[in-house]
Protein chains: 2
Amino acid sequence: MLATLLPFLFVQAAAAQAAGQTQPDPRSPMEIVAAAPASDWREIGASEMLVMDVGGGRRVVVQLMPAPFAQAWIGNIRTLATAKWWDGTSVNRVQDNYVVQWGDASEKKPLPPGLSAAGEADYTVSATSLNPREMTLGPADVYARSTYFYRGWPIAGDEGWPNGGAQKGFARGARAWPVHCYGTVGVGRDVSPSTGTGAELYAVIGHAPRHLDRNIAVVGRVIAGIEHLSSLPRGTEGLGFYAKPEQRVPITRLRLASALPEAERPRFEYLSTSSATWTRYAAARANRQDAFFIRPAGAADICNISVPVRAIP
Amino acid sequence: MLATLLPFLFVQAAAAQAAGQTQPDPRSPMEIVAAAPASDWREIGASEMLVMDVGGGRRVVVQLMPAPFAQAWIGNIRTLATAKWWDGTSVNRVQDNYVVQWGDASEKKPLPPGLSAAGEADYTVSATSLNPREMTLGPADVYARSTYFYRGWPIAGDEGWPNGGAQKGFARGARAWPVHCYGTVGVGRDVSPSTGTGAELYAVIGHAPRHLDRNIAVVGRVIAGIEHLSSLPRGTEGLGFYAKPEQRVPITRLRLASALPEAERPRFEYLSTSSATWTRYAAARANRQDAFFIRPAGAADICNISVPVRAIP
């Protein structure tokens, strides 16, 4: 028997009901976000951001995942940034519709002391360790039994929500993991049992490579300057590695934002995924009502409901 | 009530059974494709390809959709290419994680005579007009009740397959339409009731914007040289338009491949989506068995099962 096809997903109806609405919001997703009250935004802490400069004024900012996800790798990343380990390394791989990858091209640069070794079990966390009040049900998914947004991040789970989502939280033993979307940052590794240290990182620059979920550590996402990575020339060697050393893009400086002088620190905020604005925004992403659209999709995949992030002036 | 979450999709089991196998294929998707017999490949006709040169030896090849999809627009595109209408126009818009768009930046260049006017109803076709022998069931989808591959193209439909896919073909009244994936080429338009002529085209360079399905005409896909579009500098104006005319990327020549001298014509072939190799390839995309993967996904969305296309030497 071939797999039963999936019922059409009425995100709109569900979200509108959750928001106490009976009619779809006529505004575009961007208009809904622009109208959000200040209380619906959450500032990202300075120790939760990496600031990577790649020369010529090109700056990339990466937001790190919150606990309890990928904490061993993120601890290593903080150690590496504090040791200025990435300064003088480079972007070495740009594979179209897949990833941009950076780190030490020689693979011989000594690592700083004190790095942790994470195991494959750490690609997922216990779903019951998450705060139910911070969880918002996400859309249906072909890769996982459940999805949700947790403190601003798209997450998948291996169990459905109790009572079809009416009751928050998961049963004991349920696992949860971050998903790979456009802009997701993960940890390069060798074949199993290697899980990588965090010294070799990549950012997704194509269609969500969800097959990497639970196979690689997701540690963050690019929140500014992804165009400085996604528009780089593609590498012509296998897997998109650059053929010649001079094609590599030097990383001039990579720091935790908290390590920069306060005047130089970027400040960003994300739309709380527990807010009323989020509910309206997610519904509008699934059912575009703005003038351009003649037929709302009635659904959106989790990577098509990107969490709004903006600079704080 | 929130929407019922979707059952996990066992593409592997379904595809393995269809192929008469009981064990997953241990090879990578690329290895499976490399081992395909010559009879599993289909050459793309010279009148089914656009060859776009953007200077500096950068060549982009677009495969046009087969009948019955989008034929009014594709007829216009053939007329425009034959009239050399795009020569001297430019790439004017590059929006990160969305589209690259090209055409006449002045919006004043006269169009050649004889263009057809397509209606919004032409965004879809009657599913019963498709040849059932060319249809292969695709994966579960959150945007549509059914998906399949038809003559090498990912397609969605508004009805499930009869008998869960055991019987091919759709009921009378069922509609089918091409889906937006990475590399998809579509027709830019103004707000409804405009459907565009085909003179303004875009290619997707990010996560599949499936909300555009049935809202815009899909006419083809980039089969070579997408890196010459996806690596262009992003535009800084609204929607990614270039701020200054000199930032636009000139299109030096755009022709149907059939209009080029025979020695200059590119030749490409695609893996037949009705072949046994396709079945194995699609199963492997959903359940990666190669050494890098520790946990196969058990599923793949339709845009993550890209149809293999290769140059004929």
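Do you know which of the residues in the stretch B:203-218 that are within 23 Å of B:LYS108 (Cα to Cα) and within 12 Å of the chain's Cα centre (by Cα) is surrounded by the fewest Cβ atoms within 10 Å (Cβ to Cβ)?
Among them, the one singled out is B:ALA203.
Can you tell which of A:ILE302, A:ILE294 is within 14 Å of chain B (Cβ to nearest Cβ), surrounded by fewer than 23 Cβ atoms within 10 Å (Cβ to Cβ), of a type outside the set (Gly, Ala, Ser) and closer than 29 Å to B:ASP213 by Cα?
Result: A:ILE294 is the single residue among A:ILE302, A:ILE294 that is within 14 Å of chain B (Cβ to nearest Cβ), surrounded by fewer than 23 Cβ atoms within 10 Å (Cβ to Cβ), of a type outside the set (Gly, Ala, Ser) and closer than 29 Å to B:ASP213 by Cα.
Scan the stretch A:302-313 residue by residue and report those that are out of contact with any Lys or Arg (no Cβ under 7 Å at 6 or more places or on another chain) and closer than 23 Å to B:ASP158 by Cα.
Correct list: A:ILE302, A:CYS303.
Among the listed residues A:GLU227, A:GLU159, which satisfies the condition of being among the acidic types (Asp, Glu) and without any contact (Cβ under 8 Å) to a residue 12 or more places away in the chain?
Selected residue: A:GLU227, the only one of A:GLU227, A:GLU159 that is among the acidic types (Asp, Glu) and without any contact (Cβ under 8 Å) to a residue 12 or more places away in the chain.
Under 8 Å between Cβ atoms, at least 6 apart or on separate chains: pull out the pairs that start in the stretch B:69-85 with a residue that is within 11 Å of B:GLY196 (Cβ to Cβ) and end on any residue that is of a type in the set (S, T, N, Q) and surrounded by 18 or more Cβ atoms within 10 Å (Cβ to Cβ).
Matching pairs, first to second residue: B:TRP73/B:THR195; B:TRP73/B:THR197; B:ASN76/B:THR197.
Considering each residue of the stretch B:295-311, count those that are touching a helix residue (DSSP H, G or I) at 6+ places or on another chain (Cβ under 6 Å) and without any contact (Cβ under 8 Å) to a residue 40 or more places away in the chain, and give that number.
1
Looking only at the stretch B:259-294, how many residues end up being without any contact (Cβ under 8 Å) to a residue 60 or more places away in the chain, in contact with a helix residue (DSSP H, G or I) (Cβ under 8 Å, 6 or more places away or on another chain) and either among the aliphatic types (A, V, I, L, M) or farther than 18 Å from B:ILE32 by Cα (or both)?
1
Here are some residues: B:ARG58, B:ARG133. Which one is touching a helix residue (DSSP H, G or I) at 6+ places or on another chain (Cβ under 6 Å) and surrounded by fewer than 17 Cβ atoms within 10 Å (Cβ to Cβ)?
Going through B:ARG58, B:ARG133 in turn, the sole match is B:ARG58.
Of all residues in the stretch A:248-272, how many are assigned to a loop (DSSP other than H, G, I, E, B) and either within 26 Å of A:ASP40 (Cα to Cα) or within 14 Å of another protein chain (Cβ to nearest Cβ) (or both)?
Residues in the stretch A:248-272 being assigned to a loop (DSSP other than H, G, I, E, B) and either within 26 Å of A:ASP40 (Cα to Cα) or within 14 Å of another protein chain (Cβ to nearest Cβ) (or both): 4 in total.
Since B:SER275 meets every condition but one in (1) farther than 27 Å from A:GLU227 by Cα; (2) of a type outside the set (Val, Ile, Thr); (3) more than 9 Å from chain A (Cβ to nearest Cβ); (4) more than 22 Å from the chain's Cα centre (by Cα), which condition does it not meet?
With respect to (1) farther than 27 Å from A:GLU227 by Cα; (2) of a type outside the set (Val, Ile, Thr); (3) more than 9 Å from chain A (Cβ to nearest Cβ); (4) more than 22 Å from the chain's Cα centre (by Cα), B:SER275 is out only on (4).
Output yes when any residue across the stretch A:200-220 is outside any helix (DSSP H, G or I), of a type in the set (Ser, Thr, Tyr), in contact with a strand residue (DSSP E or B) (Cβ under 7 Å, 6 or more places away or on another chain) and on the phi < 0 side of the Ramachandran plot, and no when none is.
yes
Name the single residue, out of those in the stretch B:161-179 being within 10 Å of chain A (Cβ to nearest Cβ) and at pLDDT below 70, that is farthest from B:LEU271 (Cα to Cα).
Only one residue fits best here, namely B:ASN163.
Given the structure, is B:ARG78 at pLDDT 95 or above and over 23 Å from B:ALA282 (Cβ atoms)?
Yes: the conditions hold for B:ARG78.
It is to be established whether one or more residues within the stretch B:117-139 are on the phi > 0 side of the Ramachandran plot and not in a strand (DSSP E or B).
Checking the stretch B:117-139: not a single residue is on the phi > 0 side of the Ramachandran plot and not in a strand (DSSP E or B).
Just give me the residues in the stretch A:216-231 being under 15 Å from A:PRO308 (Cα atoms) and of a type in the set (Val, Ile, Thr), in sequence order.
Selection gives A:VAL222, A:ILE223, A:ILE226.
Within the stretch B:224-237, is even one residue crowded, with 22+ Cβ neighbours inside 10 Å and touching a Ser or Thr at 6+ places or on another chain (Cβ under 6 Å)?
No, the conditions are met nowhere in the stretch B:224-237.
Just to be sure, is A:GLY225 more than 12 Å from A:ARG58 (Cα to Cα) and not aromatic (Phe, Trp, Tyr)?
no
Evaluate the following for A:ASP158: is it closer than 19 Å to B:GLY298 by Cα, at pLDDT 95 or above and within 22 Å of the chain's Cα centre (by Cα)?
Here the answer is no, as A:ASP158 does not meet what is asked.
Any idea which of B:VAL99, B:VAL33, B:VAL91 is away from chain A (no Cβ under 14 Å), modelled with pLDDT of 95 or more and farther than 16 Å from B:ALA259 by Cβ?
B:VAL33
Please go through (1) modelled with pLDDT of 95 or more; (2) within 12 Å of another protein chain (Cβ to nearest Cβ); (3) more than 25 Å from B:SER306 (Cα to Cα); (4) surrounded by fewer than 17 Cβ atoms within 10 Å (Cβ to Cβ) for A:PRO193 and return the number of the only condition it doesn't satisfy.
Status for A:PRO193: all satisfied but (1).
Can you tell me which residue among B:ARG133, B:ARG151, B:ARG175 is among the charged types (D, E, K, R), under 19 Å from the mean Cα position of the chain (by Cα) and closer than 29 Å to B:GLU43 by Cβ?
B:ARG151
Can you report the number of residues in the stretch A:273-291 which are hydroxyl-bearing (Ser, Thr, Tyr), surrounded by 21 or more Cβ atoms within 10 Å (Cβ to Cβ) and in a loop (DSSP other than H, G, I, E, B)?
Going through the stretch A:273-291 one residue at a time, the tally reaches 1.
Which number in (1) modelled with pLDDT under 95; (2) assigned to a loop (DSSP other than H, G, I, E, B) marks the one condition that A:LYS109 misses?
Failing condition for A:LYS109: (1).
Can you name the residue in the stretch B:86-127 that is more than 30 Å from A:ILE226 (Cβ to Cβ), hydrophobic (A, V, I, L, M, F, W, C) and in contact (Cβ under 8 Å) with a residue 24 or more places away in the chain and is also surrounded by the most Cβ atoms within 10 Å (Cβ to Cβ) among such residues?
Only one residue tops the list, namely B:ALA127.
Please go through the stretch A:226-242 and give me each residue that is at positive phi and more than 10 Å from chain B (Cβ to nearest Cβ), ordered by number.
The answer is A:LEU239, and nothing else.
The values are calculated or read from the model by the stated rules, or taken from the named source; none is laboratory data. Small disclaimer: the values here were computed from a predicted structure and weren't measured. Every residue, glycine as well, gets a Cβ built from its backbone with ideal geometry; the counts of neighbours run over all protein chains shown.
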